[in-house]
1. Does any residue in the range A:129-144 that is on the phi > 0 side of the Ramachandran plot come within less than 8 Å, Cβ to Cβ, of a residue that is open to solvent by less than 20 Å² (accessible area, probe 1.4 Å) and hydrophobic (A, V, I, L, M, F, W, C) six or more places away or on a different chain, and which pairs are these?
2. For the range A:251-271, which positions are part of a loop (DSSP other than H, G, I, E, B) and either surrounded by 17 or more Cβ atoms within 10 Å (Cβ to Cβ) or within 14 Å of chain B (Cβ to nearest Cβ) (or both)?
3. How many of the residues in the range A:53-86 are open to solvent by 10 Å² or more (accessible area, probe 1.4 Å), of a type outside the set (A, V, I, L, M, F, W, C) and either under 17 Å from A:Lys110 (Cα atoms) or touching a residue at least 60 places away in the same chain (Cβ under 8 Å) (or both)?
4. Which residues, taken from the range A:110-164, are of a type in the set (Val, Ile, Thr) and crowded, with 19+ Cβ neighbours inside 10 Å?
5. Would you call A:Ala319 open to solvent by less than 30 Å² (accessible area, probe 1.4 Å) and either at negative phi or touching an Asp or Glu at 6+ places or on another chain (Cβ under 6 Å) (or both)?
6. For the range A:297-315, what are the residues that are away from chain B (no Cβ under 14 Å), buried (at least 23 other Cβ atoms within 10 Å of the Cβ) and closer than 14 Å to A:Val330 by Cβ?
7. Restricting attention to the range B:59-88, which residues are at the interface with chain A (Cβ under 10 Å from one of its Cβ atoms), open to solvent by 40 Å² or more (accessible area, probe 1.4 Å) and under 11 Å from B:Met100 (Cα atoms)?
8. For the range A:14-40, which positions are open to solvent by less than 10 Å² (accessible area, probe 1.4 Å) and polar (S, T, N, Q)?
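The values are calculated or read from the model by the stated rules, or taken from the named source; none is laboratory data. Model, not experiment: these values are computed from the prediction. Neighbour counts are summed over all protein chains in view; Cβ atoms, including those assigned to glycine, are modelled from backbone coordinates with ideal geometry. These area figures cover heavy atoms from the full protein model, side chains too; ligands, DNA and RNA do not enter into them. Shrake-Rupley method; radii C 1.70, N 1.55, O 1.52, S 1.80 Å.
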Amino acid sequence: MAPFAGYDMPISYPTGAVEEHLITRRSVGLFDIDHMGQLVVSGPGADEFVSATVSATVLDMKDWDARYSLLLDGKGLVLDDLFIYKLPGRWWIVVNASNRAADLAWFEAKAKAFPKAVTIEDSSEATYMIAIQGPRAIELMDLVSDRKVSEFPRFTSGELKIDGIPVLFGRTGYTGEDGGELFFPADSAVKLWELLLARGGKAGIETKAIGLAARDSLRFEAGMPLHGHEISPSINPIEAGFKWACGLEKDFVGKAAVEAVIAAGPARKLVGLEVTGGVPREGYEVLAADSGEKIGACVAGMFCPTAKKYAANAFVLPAYAKVGTKVQIVIHGKPKEAVVVKRPLYVPAYRR
Amino acid sequence: MNIDTNARYRASHEYARKDGAEIVAGISDHAQSSLGDIVFVELPEVGKTLKQGEAFGVVESVKAASDLYMPMSGKIVAVNEDLQGDPALVNKDCYGKGWMIRFAPADPSEWNGLMDAAAYGKEAGKE
């Protein structure tokens with residue numbers, strides 16, 4: 001167990017981090033992610049307000065659609081990343097635990113200044129959140145639910161019941177596997193968690209609890225960012241490769257700054273690096289292979305259990321960002337050979 | 001906690017076990033269990049001479065990197081090459097297939113300064 005954003009979180013269960021990663025890739029992993037926050041935006045101005053505040057295009061979303069977005073400040077830097085659900089009459093916005101209070105205050109301040117009436121509520125305490133991920137996750141959900149989630153397209157959501165517990169289910173996730181995320185009343189958390197484990201076991205579907213370490217290696221392999229690493233309030237979306245999450249046809253907070261970066265070209269770029277001879281980690285320096293000059297730094301790095309590789313994400317000078325470029329990462333004081341590789345190391349199952 | 005009673009230990013959780021005139025060293029079961037899944041082990045070059053307490057390598061778990069310290073002074077005569085392809089051997093069998101280095105001790109009397117199994121068990125039990 002370890003403290004994380006004010007929560008006591010399991011780094012790994014007795015299964016062990018590497019095996020937990022592999023179980024999620026071959027069957028079903030259950031993730032206790034109640035630390036994630038949920039904000040609800042409603043009122044007559046809600047649609048226009050969400051569109052004006054978040055980076056992604058949202059006005060084309062139909063009820064029950066779910067979409068990834070960034071939250072930028074006026075300088076175009078990344079305050080947080082979000083999953084936005086358009087529900088009938090309200091927007092359900094999932095935020096990172098460590099940014100929840102700041103995001104709430106930010107949205108509230110923007111709402112106060114907004115010309116139309118908008119209500120922001122924090123539903124985080126009342127809501128529990130579990131992720132169910134893996135190639136057999138949907139099969140297990142179909143078994144326990146009163147609705148066939150296998151009929152939900154990727155990036156949509158719906159309401160259903162599991163043994164009487166009302167659940168908002170999004171066919172979303174953070175592992176590169178099919179599956180979904182469940183939002184439900186917090187007082188049913190233990191019951192639902194145990195039910196999913198038990199029903200998985202009974203049906204012969206290997207289902208295990210997965211800790212934070214495997215959650216990190218799963219998302220890393222699948223090329224998903226973790227706020228505070230690949231994106232942060234000192235990183236803009238263009239250098240991190242998130243132009244696709246910016247709806248440049250509309251207006252949003254930080255848009256002018258983002259356009260300025262696009263026009264000038266980013267000063268650095270996020271790349272994937274594969275390393276031989278050590279485990280790269282956050283903060284390690286990246287050097288040019290020829291001159292030995294510092295050209296960047298790692299923001300995350302680890303052993304990737306499915307790719308069976310030691311890899312890092314790093315911001316480097318654009319001249320060194322091309323796939324195949326040889327660089328070095330300083331590991332325990334020694335420069336080790338590394339090469340820029342295509343991201344992600346593991347192409348998400350639903351994109352294949 | 002599994003403790004090899006034929007071995008002696010440093011407080012930093014490396015073990016040393018006599019094999020003829022040489023010493024085989026690695027990390028204890030307590031150490032591998034606290035580290036969690038081990039994903040990389042960096043070992044010294046054969047022929048290198050190191051003093052007692054000097055770092056001979058690094059063990060990297062999913063969580064963190066930890067230095068490995070020489071339980072006694074000596075010259076490295078072999079390293080476990082199998083750990084390069086399968087570092088998890090340290091988790092599975094730390095006293096056997098997960099051994100790390102074999103060295104010729106420079107001062108065999110240093111053995112007497114290491115903790116025996118009973119003393120180490122007491123020490124590790126406090127953590």
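1. So the pair list comes out as A:Gly134/A:Ile23; A:Gly134/A:Val28.
2. Initial filter on the range A:251-271 (part of a loop (DSSP other than H, G, I, E, B)): A:251-254, A:265-268.
Answer for the range A:251-271, where residues must be part of a loop (DSSP other than H, G, I, E, B) and either surrounded by 17 or more Cβ atoms within 10 Å (Cβ to Cβ) or within 14 Å of chain B (Cβ to nearest Cβ) (or both): A:Phe252, A:Val253, A:Gly254, A:Pro266, A:Arg268.
3. Total satisfying the criteria: 8.
4. Listed by number, the residues that qualify are A:Val118, A:Ile120, A:Thr127, A:Ile130, A:Ile132, A:Ile138, A:Val144, A:Val149, A:Thr156, A:Ile162.
5. no
6. Correct list: A:Ala314 only.
7. Across the range B:59-88, the qualifying residue is only B:Gln84.
8. Within the range A:14-40, A:Thr24, A:Ser27, A:Gln38 meet the criteria.
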